[in-house]
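What follows is calculated from the coordinates using simple rules that are stated; it is not laboratory data. Keep in mind that what you see is a predicted model, and the values were worked out from it rather than measured. Heads up, the Cβs are rebuilt from the backbone with ideal geometry, glycines too, and the neighbour counts pull from every protein chain shown.
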Amino acid sequence: MRSVARGRPPASSRETLADAASELFLEQGYEATAVTDITSRAGVSRSSFFNYFDGKAATIWYALDEHLDDFAHRSAVGEASLEAVAAALGAAPPHTLALAIANAEAMGVGAELGAGRALRQARLAAVLADQLGARGAHGDDALAIETLAAAQAAAVCAAIWSWATRGAGTHRLDAEIQRAVSLIPGARRAAAAPLRVAVIGTGAIGSRVVAELAAGRIAGVTLAGVVTRREGQLAEALAQIAASGDAGAGGASADGGSGCGAGAPAITDFGDDLARAVAASDLVVECAGIAAARVAGPVVVAAGRDFFAVSVGALAETDVRAALLRGPGALLLASGAIGGLDLLASAARAGGIPGGITRASITSTKQAGALVQPWMQAGEAARVRRATEAFTLFEGGVEEAVAQFPGSLNVACALAQATGLWGDVRVRLVADPAAERTTHVIEADGAAGRYRFELTNAVAEANPTSSAVVAESVLRGIAEWARPSGSFR
């Protein structure tokens, strides 16, 4: 099955021959094209052709075969992973194969593609089965090992065909492979691989999440590292964590080096290198605000990684919402400080109960001083700070609410996303100088029923604009994404 028969001559000559073959297959068809036609077009001798390929079919497959050869070699010595082969294919895609897939009918290569795909898929499945067996994830359960390996190999091949058919130059092959593999039910868990999580932000929520993950308190999850905006930001957050008594968070390291405490794990600081964080993780958790979610989210999901947004307010912008939902990575949304979203989403499900939810509103009451915004004029800010009784500070739609109070009304976007009523959800924000806790009242009705939820949450000590339970909702979400068995749906 190997394409390169003798050694590995200079790539430029090999690729010249492959390109010549592709041109001829398009012009006169695969069956009508002889090796001599290819060598004549490329300007080389017939003997030179066979220094590179063992036949004309190999001009289609050679790039993929080199990747499979490398994967098999690395796997034999314990240095390979499915993620690595996806990354390698993304860095050096098999373009002649993509051209053949996209033009199979015109080239007349349908039969060759079908047979060649089956052979290569079987070869990859065999290597993956050996790898799974060596890991011992399934003991001696040969059926489980071979089934999972076959599914993973099929996913890789399906992704290559999808990538080529959709237009090889329009999106990344590695992202397509990652997306395909993620569609296998329980694939990561079946392979006994931990969920690798990167965290964006080290504020009140981010620090709590980092501390719990670094301490290994979420089963099946490992902390890949933290994305920060400036040098020293992670070290400062870790110092605050240590001062609070949570020494399990370890020490900050730009390259995954030693931690601060004895036996404490190091935490990788990605700095502002989002691409590095994406490459090192399966799930990226945003804890840095709406602006960060708007910038990072589309990048993460486009790369085939899953994105967990705490700042649900990022979805208020239609273009950002579309990009986040486009995939191939999945978008997760933190329920944050409110509940009942699962019920409302069920009641409003498209194709479900006609007119299930037709009206929805949320009234949030918060401590007045925590609602002062940078855009407020001095007089307005003073009025909020000096208020002696509760008053309505804002009333309007979701987009306007998030624009004016980005740190306080993510809940409005969560309600809009759950019900689908982005243009109709009414938002009211009450500033109350006597409020010691944050209260949210959600009301919704339609053919599915009439709903009212009132939730009162303790505020986060480190950030009075947020509820303490938000960080816990994020940690619960990560835990369920890693091991969803037994979770509510």
query: Taking Cα atoms, how many degrees apart are the long axis of helix 290-302 and the longest axis of the chain, rounded to 10 and kept between 0 and 90?
result: 20
query: If you place +1 on the Cβ of every Lys and Arg and -1 on the Cβ of every Asp and Glu, how big does the dipole about the Cα centre of region 387-439 come out, in debye to the nearest 20?
result: 120
query: If contacts are Cα pairs under 8 angstrom and at least 6 residues apart, what is the relative contact order of the chain in percent?
result: 10
query: P(r) of the chain in 10 Å steps, Cα pairs, percent per bin?
result: 4, 17, 23, 21, 16, 11, 6, 2, 0, 0
- prompt: Any idea what the dipole of region 341-470 comes to, in debye rounded to 20, about its Cα centre with Lys/Arg Cβ at +1 and Asp/Glu Cβ at -1?
  reply: 60
message: Considering only C-alpha atoms, what is the centroid distance from region 35-74 to region 333-354, in Å?
response: 55
- line: Measuring from its Cα centre, the chain shows a charge dipole (+1 at each Lys and Arg Cβ, -1 at each Asp and Glu Cβ) which, in debye to the nearest 20, is 400
- prompt: For region 337-489, what size does the Cα cloud have along each of its three principal axes, sorted from largest down, in whole Å?
  reply: 49, 34, 23
- prompt: What percent antiparallel are the DSSP beta bridges of the chain, to the nearest 5?
  reply: 45
- line: For the chain, the longest principal axis of the Cα atoms and the Cα long axis of helix 469-482 enclose an angle in degrees, to the nearest 10, of 20
- request: Report the one residue of Val127, Ile338, Val35 whose Cα lies farthest in the direction of the positive end of the charge dipole of the chain (charges on C-beta: Lys and Arg +1, Asp and Glu -1; origin at the Cα centre).
  value: Ile338
statement: Listed with the fewest Cβ neighbours within 10 Å leading, Leu371, Leu183, Leu195 appear as Leu183, Leu195, Leu371
statement: If each K or R counts +1 and each D or E counts -1, the residues other than Ala334 whose Cβ falls under 11 Å of its Cβ total -1
message: With unit charges on the beta carbons (Lys and Arg positive, Asp and Glu negative) and the dipole taken about the Cα centre of region 11-190, which residue among Thr59, Ile184, Gly90 sits farthest to the positive side?
response: Ile184
- prompt: Which three lengths, in whole Å and largest first, does region 11-190 cover when its Cα atoms are put on their principal axes?
  reply: 55, 31, 26
